[in-house]
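Asks: Next up is a structure, given as structure tokens.
The values are calculated or read from the model by the stated rules, or taken from the named source; none is laboratory data. Quick caveat: nothing in here was measured; it's all calculated off a predicted structure. Every residue, glycine among them, receives a Cβ derived from its backbone with ideal geometry; neighbour counts consider all protein chains shown. All accessible areas refer to the heavy atoms of the entire protein, side chains included, with ligands and DNA or RNA removed. Shrake-Rupley method; radii C 1.70, N 1.55, O 1.52, S 1.80 Å.
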Amino acid sequence: MDININFHWQMRHQGEKHDIDAILFHLLEAVQTEGSLKKATDRLKVSYRFAWGLVNKWESLLGHPLVILERGRGARLAPAGEKLMHGNRHLSASFSPELDNFATQFKREFEAILNRHHAEGFNIFASHGLAVGALRDLINQQSDFQLDLHFHGSLESLRALRNGDCHIAGFHIPVGELGHQVKQGYLEILNQETHQLIYVVKRNQGLMVAAGNPKQVKDIHSLADSNLTFINRQSDSGTRLLLDQLLQVNKVSASRIKGYLNEEFTHMAVAAMVASGAADVGFGIAPMADKFNLEFIPLVWEHYCLAVPNHLINDERVTEIISLLKSQAFHDNLAGYSGYDTARSGETVSFKEIFG
């Protein structure tokens, strides 16, 4: 049994309710990316006539244009179209991981009530990222067991592992000296005598800004510019720990950063806020900058690993996870993302290598 929970937009106009089909949001995103209504319809595999009718319908209901067509210059989003697109993006980016977590938990509890006979689930609590999501999808498509993936911050995930709330925990930590400086929080929970580390991916984190970098953001020191608005990650996330360490090393006071206390819970939500113009700069992974057509300023590489209790390392489900991490399918799934290195995916790595 699979349970998916999605957003549903509805608008009331002159006393009548109108459901906004998801295709409208997909169309607006495609127009922004392609710069052409025709190319957008080709990308979505819908007819030009259907797309034109959909746009006209909602322009009529709203009383404002959504898409501006310019002879010889393609198409671009009008302010109302941009607002709708960014609103849907932000909602999805902010709440989809929490809805996924709820759906996963509800499915398990509901199946227990129904007394259904199904493959035993396997729980991973992990820091949000595309690589672990790709792993989950491969397992659920190709394996005999279902992987229940819950997104939480790195330290929160490791605490869940210690408390027996999950089988495996996914976390990330910066490479090199920065990692050495923050390792204590991880090693208070993990122990090389009782845990094995499986490498998932090496990834790059940095600053995400609007295309063309209009505010001329250069590095971590730029965050103290009073003309910039920043969007942060939540406390206890590995990304927040990394940012705070970068600020400390570079002697940048958090109190000087406008928006430091404004938090989002995923890389996607941070990127969506920057893309919408609600923030000028965010800190996160390179693929999210690509996804939202943002410019990326790389700052630091980090390890993303799975922590596995020793008593599970030979479990057939863990063996399957390692096999899939090494598979061509996993590599191909991430091949299109910048800032990801899968050369060591699936390797068992030592505590010394990761934590120094």
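Asks: Give the residue from Asn293, Tyr340, Leu324 lying farthest towards the positive end of the charge dipole for the stretch 255-341; charges sit on Cβ (+1 for Lys and Arg, -1 for Asp and Glu) and the dipole is referred to the Cα centre.
Replies: The listed residue farthest towards the positive side: Asn293.
Asks: Please give the charge dipole size of the chain, origin at the Cα centre, charges +1 on K and R Cβ atoms and -1 on D and E Cβ atoms. Round to the nearest 20 debye. Show your work: numbers first, answer last.
Replies: Details: 34 positive and 40 negative charges, 237 e Å.
For this selection, approximately 1140 debye.
Asks: Using helices alone, what [θ] at 222 nm do you get for the chain, with -39,500 (n - 2.57) per DSSP H run of 4 or more residues, divided over all residues and rounded to the nearest 500?
Replies: The helix contribution divided over the chain gives -13500 deg cm²/dmol.
Asks: Could I ask something else about it? Positive end of the dipole of the stretch 133-283, charges at C-beta (+1 Lys, Arg; -1 Asp, Glu), about the Cα centre: which of Gln196, Asn232, Gln146 has its Cα farthest in that direction?
Replies: Going by the charge dipole, the pick is Asn232.
Asks: Now a separate question. Taking only protein heavy atoms into account and a 1.4 Å probe, give the accessible area per residue of the stretch 297-356 in Å².
Replies: Values: 2860 Å² over 60 residues.
Per residue, the stretch 297-356 has 48 Å² of solvent-accessible surface.
Asks: Hey, another quick one. Viscosity 1.567 mPa s, temperature 4 °C: give me the Stokes-Einstein translational D for the stretch 195-338 in µm²/s, with Rh taken as the Kirkwood radius over C-alpha pairs.
Replies: This corresponds to a translational diffusion coefficient of 78 µm²/s.
Asks: Can I ask one more? Can you bin every Cα-Cα distance in the stretch 183-229 into 5 Å intervals starting at zero and give me the percent of pairs per bin, rounded to whole numbers?
Replies: In whole percents, the pair-distance histogram is 4, 14, 16, 13, 10, 9, 11, 12, 7, 3, 0.
Asks: Just the Kirkwood number for the chain, please: inverse of mean 1/r across all distinct Cα pairs, in Å, one decimal.
Replies: 22.1
Asks: Please report Rg (one decimal) and Dmax (integer) in Å for the Cα set of the stretch 67-206.
Replies: Rg and Dmax of the stretch 67-206, Cα atoms, are 20.2, 68 Å.
Asks: Here is a further query. If you roll a 1.4 Å probe over the chain with all protein chains in place, what percent of the accessible area is carbon or sulfur? All intermediate terms of the calculation are to be shown ahead of the outcome.
Replies: Numbers: 8260 of 17260 Å².
It is 48 percent, rounded to a whole number.
Asks: Could I ask something else about it? Could you sort Arg76, Arg344, Arg256 by accessible area so the largest value comes first, with the probe set to 1.4 Å?
Replies: Arg256, Arg76, Arg344
Asks: With every protein chain left in place and a probe of 1.4 Å, what is the accessible surface of Ser323, to the nearest 10 Å²?
Replies: Rounded to the nearest 10, that gives 60 Å².
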